[in-house]
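Q: Mind having a look at this structure? Questions to follow.
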Amino acid sequence: MVPQYVVKDINLAPYGMKKIEWAYRNMPVLRAIEKELIDEQPFKGLKVSVSVHVEAKTAVLARALARGGADVALTGCNPLSTQDDVAAALASTGMHVYAIHGANEQEYIEHLKMALSFGPDIVIDDGGDFAMLLHSDLKELVPNLMGGCEETTTGVHRLNILEKEGKLAYPVVAVNDARCKHLFDNRFGTGQSVWTAIMATTNLVVAGKTVVVAGFGMCGRGVALRAKGLGAKVVVTEIDPVKACEAIMEGYEVMTMDQAAAIGDVFVTVTGCKDVITPKHFEMMKDGAICCNAGHFDCEVCVKELSEMAVEANELRNNIIGYKLANGNTICIIAEGRLVNLASGDGHPVEIMDMSFALQAQSARYIAKNGRSLEKKVYQTPQVIDDRVAEILLATKGVSIDKLTAEQEKYVNSWDF
């Protein structure tokens, strides 16, 4: 029998509740959506399983879903991003919570399975771990599913592959691709939170250093922009020729990782791929070079291979392991090569996740209403949802914008000039 919750210490709940309330007071968009959910009760009688980083902003989302009528089961999408006090706070309210910071791989998978075990009608995923289980070990749960929502680039990529191969088992809304998600969360959220985590963890200056950013997608753009703003010389590595040109046009130096390895002081991978920084690159790096990852999975920096080639490994500072190589140089890895802004920090700023989780709440409501009639495809977030988030945010800031007149609308929607 699956327990009501699995958390590190339920007595941590009061500390977690303070974090949740702080986030709540700074999430006006999601608060507005929550009021609608309370009035409408769109999730009444439905079970919603959520696999997202278990921290305060996520807790506000989970609570909003519950207040909208859902029976919610929450687990993490990265064992190092779980905040035990937040997990305890939600568990203390009666929510199903299965998350412990530092869980090993077997425990992490077991927590995912527990969160799915009560047979959800809707799943909210971050990175596609729920999708992986629902397309393999837990296929028997799929017939009950109305659909899902995916939070991040890596997860959407995985789901697109499943759809292309004709294997996608249920409809999914690609929340990651909404304009209010990838334009703000991926760029401004990742940009700020990555450097907040790196600076807090290392207590080192960024100005004057050479920062190598691997990948110039929306997240990479944000990381590069903030590094530049902090006074770093920024080098970008890319596989996409158009994105490489864009990086050049924005004033960054572009080269291969083979070229960048010898000159970088800080390396941040943001590619969504594997084996971006490999043993040959470690051997080229300066003594004291710092490597971290801002992509979803811990496969971009080859930490396992680094540990095997090292002659010595020591914890140099909390969440920093130094691997001494045979050549005498030490390579520093932050947060085990896991998602640095969450495994070594508090993740994106509250106001950024306000927008992203408002999108999630509305997309889940969309699935609750339409899921049974949707094909097994990856769907873009409906524009009305995207626009609604932006409109609420503008209203909270007291900002008004222009609207098309009837004549202007006719002009832009007609061949008759």
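Q: Sum -39500 (n - 2.57) across every DSSP H segment of at least 4 residues in the chain, then divide by the residue count to get the 222 nm mean residue ellipticity, nearest 500. Numbers along the way, then the final one.
A: Values: 18 runs with 178 residues, N = 417.
That comes out to -12500 deg cm²/dmol.
Q: For the stretch 163-307, compute Rg over Rh where Rg is the Cα radius of gyration and Rh is the Kirkwood radius from the inverse mean 1/r over Cα pairs.
A: Working: Rg = 15.8 Å, Rh = 15.9 Å.
In the stretch 163-307, Rg relative to Rh is 0.99.
Q: What is the log10 of I(q)/I(0) for the stretch 326-394, computed with the Debye formula using one identical point scatterer on each Cα and no solvent, at q = 0.23, 0.26 Å⁻¹?
A: Taken in order of the listed q values, log10 I(q)/I(0) reads -1.00, -1.09.
Q: Under a Cβ-only charge scheme (Lys and Arg +1, Asp and Glu -1), can you give me the dipole magnitude of the stretch 229-307 about the Cα centre, in debye to the nearest 20? Walk me through the intermediate numbers first.
A: On the way: 6 positive and 13 negative charges, 20 e Å.
So the magnitude is around 100 debye.
Q: Can you tell me how the stretch 74-121 classifies by the Cα gyration tensor, rounded, prolate or oblate, using a/c under 1.5 as the rounded cut?
A: Details: a/c = 2.34, a/b = 1.05, b/c = 2.23.
It comes out oblate by the Cα gyration axes.
Q: Also, I was wondering about something else. Quick one: helix 153-164 against the long Cα principal axis of the chain, what's the angle to the nearest 10°, folded into 0 to 90?
A: Its long axis makes an angle of about 70 degrees.
Q: Still on this structure, please answer the following. For Cα pairs less than 8 Å apart in space and 6+ apart in sequence, what is the mean separation divided by the residue count of the stretch 223-374, i.e. the relative contact order in percent? Could the numbers behind the result be given before it?
A: Values: 225 pairs, mean separation 24.1, N = 152.
RCO, the stretch 223-374: 16 percent.
Q: Which of rounded, prolate, oblate describes the stretch 1-151, given a ≥ b ≥ c as roots of the alpha-carbon gyration tensor eigenvalues and a/c under 1.5 marking rounded, otherwise prolate only if a/b is larger than b/c? The partial results should precede the final answer.
A: On the way: a/c = 1.73, a/b = 1.11, b/c = 1.56.
In terms of gyration-tensor shape, oblate.
Q: For the full complex of protein chains and a 1.4 angstrom probe, list Tyr411, Tyr252, Tyr366 by accessible area with the highest value first. Kindly include the intermediate steps, with their values, before the conclusion.
A: Working: Tyr411 130, Tyr252 15, Tyr366 65 Å².
Descending order: Tyr411, Tyr366, Tyr252.
Q: Taking a cut-off of 17 Å, what percent of all Cα-Cα pairs in the stretch 165-218 are separated by more than that?
A: Numbers: 815 of 1431 pairs.
In whole percent, the share of Cα-Cα pairs in the stretch 165-218 beyond 17 Å is 57.
Q: Further question on the same structure: Remind me, relative contact order of the chain in percent, using alpha carbon pairs under 8 angstrom and six or more residues apart? Intermediate values should be presented prior to the final figure.
A: Working: 890 pairs, mean separation 69.7, N = 417.
Reported relative contact order: 17 percent.
Q: Given the options Ala224, Ile263, Phe297, identify the residue whose Cα lies farthest towards the positive end of the charge dipole of the stretch 215-327 (+1 on Cβ of Lys, Arg; -1 on Cβ of Asp, Glu).
A: The Cα lying farthest towards the positive end belongs to Ala224.
Q: If contacts are Cα pairs under 8 angstrom and at least 6 residues apart, what is the relative contact order of the stretch 296-337 in percent? Mind showing how you got there, number by number?
A: Numbers: 56 pairs, mean separation 14.8, N = 42.
After rounding, I find 35 percent.
Q: Compute the long axis of helix 13-25 from its Cα atoms, compare it with the longest principal axis of the Cα atoms of the chain, and write down the angle in degrees, 0 to 90, nearest 10.
A: Approximately 80 degrees, to the nearest ten.
Q: If we restrict to alpha carbons, what Rg and Dmax does the stretch 270-398 come to, in Å?
A: Computed over the Cα atoms of the stretch 270-398, radius of gyration and Dmax are 21.1, 62 Å.
Q: Still on this structure, please answer the following. Hey, how much of the P(r) for the stretch 131-198 falls beyond 21 Å, as a percent of Cα pairs?
A: On the way: 824 of 2278 pairs.
Pairs farther apart than 21 Å: 36 percent.
Q: If the reach is capped at under 14 angstrom between alpha carbons, list the aspartates and glutamates near Lys304, excluding any in the same chain fewer than eight residues apart.
A: Asp275, Glu312, Glu336
Q: State the percentage of accessible surface on the chain attributable to carbon and sulfur atoms; use a 1.4 Å probe and exclude ligands, DNA and RNA.
A: Working: 9900 of 18720 Å².
C and S atoms contribute 53 percent here.
Q: Still on this structure: For the cross-link pairs Lys8/Lys139; Lys369/Lys397; Lys57/Lys233; Lys181/Lys397; Lys243/Lys280, which exceed 23 Å when the distance is taken from alpha carbon to alpha carbon?
A: Working: Lys8/Lys139 29 Å; Lys369/Lys397 31 Å; Lys57/Lys233 33 Å; Lys181/Lys397 19 Å; Lys243/Lys280 25 Å.
Cα-Cα > 23 Å for Lys8/Lys139; Lys369/Lys397; Lys57/Lys233; Lys243/Lys280; rest within.
Q: Can you tell me the 0 to 90 degree angle between the C-alpha axis of helix 105-116 and the longest principal axis of the chain, rounded to 10?
A: So the inclination is approximately 10 degrees.
Q: Taking the Cα centre of the stretch 189-335 as origin and charging only Cβ (+1 Lys, Arg; -1 Asp, Glu), how large is the dipole, in debye to the nearest 20?
A: 400 debye
Q: Leaving ligands and nucleic acids out of the surface, order Val54, Val242 by accessible area at 1.4 Å, largest first.
A: Values: Val54 0, Val242 105 Å².
The ordering from most to least exposed comes out as Val242, Val54.
Q: Rank Leu116, Ala99, Tyr24 by how far each Cα sits towards the positive end of the charge dipole of the stretch 22-152 (+1 on Lys, Arg Cβ; -1 on Asp, Glu Cβ) and give me just the farthest.
A: Towards the positive end, the residue furthest out is Tyr24.
Q: Now, a different point. Give the shape of the stretch 77-206 as rounded, prolate or oblate, defined through the alpha-carbon gyration tensor: a ≥ b ≥ c are the square roots of its eigenvalues, a/c under 1.5 means rounded, and otherwise the shape is prolate if a/b is larger than b/c and oblate if not. Could the numbers behind the result be given before it?
A: Numbers: a/c = 2.09, a/b = 1.29, b/c = 1.62.
Note, shape of the stretch 77-206 comes out oblate.
Q: Could you please put Ser400, Ser307 in sequence from largest to smallest accessible area, using a 1.4 Å probe? Kindly include the intermediate steps, with their values, before the conclusion.
A: On the way: Ser400 110, Ser307 55 Å².
Heavy-atom accessible area, descending, gives Ser400, Ser307.
Q: For the chain, what is the percent of antiparallel DSSP beta bridges, rounded to the nearest 5? Write down the numbers at each step before the final one.
A: Numbers: 10 of 52 bridges.
Percent antiparallel among DSSP bridges in the chain is about 20.
Q: In whole Hz, what ³J(HN,Hα) sequence does the stretch 323-333 give by Karplus (6.51, -1.76, 1.60; θ = phi - 60°), x for Gly and Pro?
A: 10, 8, 8, 4, 7, x, 7, 10, 9, 9, 10
Q: Determine ³J(HN,Hα), in whole Hz, for all residues of the stretch 135-141 in sequence, where each value follows from phi through the Karplus function 6.51 cos²θ - 1.76 cosθ + 1.60 and θ = phi - 60°; x replaces Gly and Pro.
A: Once θ is set to phi - 60°, the couplings for the stretch 135-141 become 9, 9, 5, 10, 4, 5, 7 Hz.
Q: Just want the answer: with Cβ charges of +1 for Lys and Arg and -1 for Asp and Glu, which residue in Thr396, Gln383, Asn413 is farthest toward the dipole's positive end in the stretch 344-417?
A: Most positive-ward Cα: Gln383.
Q: How much area per residue is accessible in the chain when the probe is 1.4 Å and only protein heavy atoms are counted (Å²)?
A: Working: 18720 Å² over 417 residues.
I get 45 Å² per residue for the chain.
Q: Using the Cα centre of the stretch 85-189 as the reference point, and only Cβ charges (+1 on K/R, -1 on D/E), how large is the resulting charge dipole? Debye, rounded to the nearest 20.
A: Values: 8 positive and 16 negative charges, 68 e Å.
Charge dipole of the stretch 85-189: 320 debye, to the nearest 20.
Q: Aspartates and glutamates within cross-link reach of Lys164: Cα-Cα under 14 Å, excluding same-chain residues under 8 positions apart?
A: Glu375
The values are calculated or read from the model by the stated rules, or taken from the named source; none is laboratory data. From a predicted model like this one, the values you see are computed outputs, not experimental measurements. Every residue, glycine as well, gets a Cβ built from its backbone with ideal geometry; the counts of neighbours run over all protein chains shown. Side chains included, ligands, DNA and RNA excluded: accessible areas come from the protein's heavy atoms. Shrake-Rupley method; radii C 1.70, N 1.55, O 1.52, S 1.80 Å.
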